[in-house]
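Asks: Mind having a look at this structure? Questions to follow.
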Amino acid sequence: MSRLFSVACLLFIALSLNAAAQTQPQPQLRVLTSIKPLQLIAAAVQDGLGEPEVLLPPGASPHHYALRPSDVRSVRDADLLYWIGPDLESFLPRVLNGRAKTSVKVQDLPGMSLRHFADAHANEHADHDEEHDGHAEMADQHDHNHRPGSLDAHLWLLPANALVIARKMAADLAVADPANAARYQANVEAFASRLATLDQRLKSRLQGLAGKPYFVFHEAYDYFEAAYGLKHAGVFSVLGEVQPGAKHVAAMRERLQQAGPTCVFSEPPLLPRLAKTLTAGLPVTLAEMDAMGGSLPVNAKGYEALLDNLAGELAGCLEAL
């Protein structure tokens, strides 16, 4: 009797241990993105199953970022890593060379719609004098030079591209975490449905603004503009630490005077140093458009909020002209 009891006890313990092992939460996959917009897309795909991490802190420019030792460890340890490509995060290729796990350069994904700065420049005013293809130049440390012909890496601002990225993330997560493959697929389909609804709403809101002039300090919005039939009238490019002279500032002010009531958009967190001098006494409204979604919470609808906010920032200024 006691032997049977001992066997039964051992069997019960074994079954209990097996059940406990099966109900133990699996280690959460570590998904790391280079920039917040990609983190917002990943959050939609991982909704309910994990929280993606991001490399760049709020307000940091992907064009100039210097990796800290903790960043290098994050890159090494992440199960899945997503970045735009060397045209945006020029600091990453050297670190990724030593990385063994999956890294995805989203600019190379099949189905992506890509723009190059030559495309945008062709439609600008073609004055090849002080303003170089219609781009008034301006000095500030918050940007880099967009070379004609180079890739416009702000590709996340086209909803169709965000969906391509989300589908790739869902496929990668399904392979890494097959037990939840159906949930990742359901999340990406829900994301696609919400994006389609948002896209129609933004088209309705922005369609009446096509003829209103506005200028930008950073040529970051071409994908968004292409999606919604808009075009900036000019770019006050921000070139390193080179201070433009009085003649150049006067040329920029003349462009604004010719435009009449207009909006000039900068990208937070920094307002270019000459913005107020440039616009003083003119019927110009200074406003912001945040292409990075710096202040947004990271959740399943964060990417949609990024696009919605951009439309609201743009329309809010232009509708008041």
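The values are calculated or read from the model by the stated rules, or taken from the named source; none is laboratory data. Since the structure is predicted, the reported quantities are computational estimates derived from the model, not experimental observations. With ideal geometry, Cβ positions are generated from the backbone for all residues, glycine too; neighbour counts draw on all protein chains shown.
Asks: Can you name the residue in region 83-125 that is of a type in the set (D, E, K, R) and under 19 Å from Leu155 (Cβ atoms) and, of all such residues, is modelled with the lowest pLDDT?
Replies: So, considering only residues that are of a type in the set (D, E, K, R) and under 19 Å from Leu155 (Cβ atoms), the one modelled with the lowest pLDDT is Asp119.
Asks: Oh, and also: Pick from His232, His218: which is under 16 Å from Met289 (Cα atoms) and without any contact (Cβ under 8 Å) to a residue 60 or more places away in the chain?
Replies: Going through His232, His218 in turn, just one is under 16 Å from Met289 (Cα atoms) and without any contact (Cβ under 8 Å) to a residue 60 or more places away in the chain: His232.
Asks: Can you list the strands (runs of 3 or more DSSP E) found entirely within region 193-295 that contain at least 1 residues being touching a helix residue (DSSP H, G or I) at 6+ places or on another chain (Cβ under 7 Å) and surrounded by fewer than 18 Cβ atoms within 10 Å (Cβ to Cβ)?
Replies: Fully inside region 193-295 and qualifying: 284-288.
Asks: If I filter region 231-254 for residues that are closer than 24 Å to Ile41 by Cβ, at pLDDT below 95 and not aromatic (Phe, Trp, Tyr), do I get at least one hit?
Replies: no
Asks: Also, quick follow-up: Can you find a residue in region 31-46 that is of a type in the set (Lys, Arg), in a helix (DSSP H, G or I) and modelled with pLDDT of 85 or more?
Replies: Yes, some residue in region 31-46 is of a type in the set (Lys, Arg), in a helix (DSSP H, G or I) and modelled with pLDDT of 85 or more.
Asks: Taking the condition of being surrounded by 20 or more Cβ atoms within 10 Å (Cβ to Cβ) and touching a strand residue (DSSP E or B) at 6+ places or on another chain (Cβ under 7 Å), how many residues in region 55-86 meet it?
Replies: 7
Asks: Which pairs turn up if I take residues in region 48-62 that are within 18 Å of Pro297 (Cβ to Cβ) and look for partners that are of a type in the set (D, E, K, R) and buried (at least 20 other Cβ atoms within 10 Å of the Cβ) with beta carbon separation below 6 Å, at least 6 apart in sequence or on another chain?
Replies: Val54/Lys36
Asks: Now, a different point. Would you tally the residues in region 172-188 being surrounded by 13 or more Cβ atoms within 10 Å (Cβ to Cβ) and without any contact (Cβ under 8 Å) to a residue 12 or more places away in the chain?
Replies: Within region 172-188, residues that are surrounded by 13 or more Cβ atoms within 10 Å (Cβ to Cβ) and without any contact (Cβ under 8 Å) to a residue 12 or more places away in the chain number 3.
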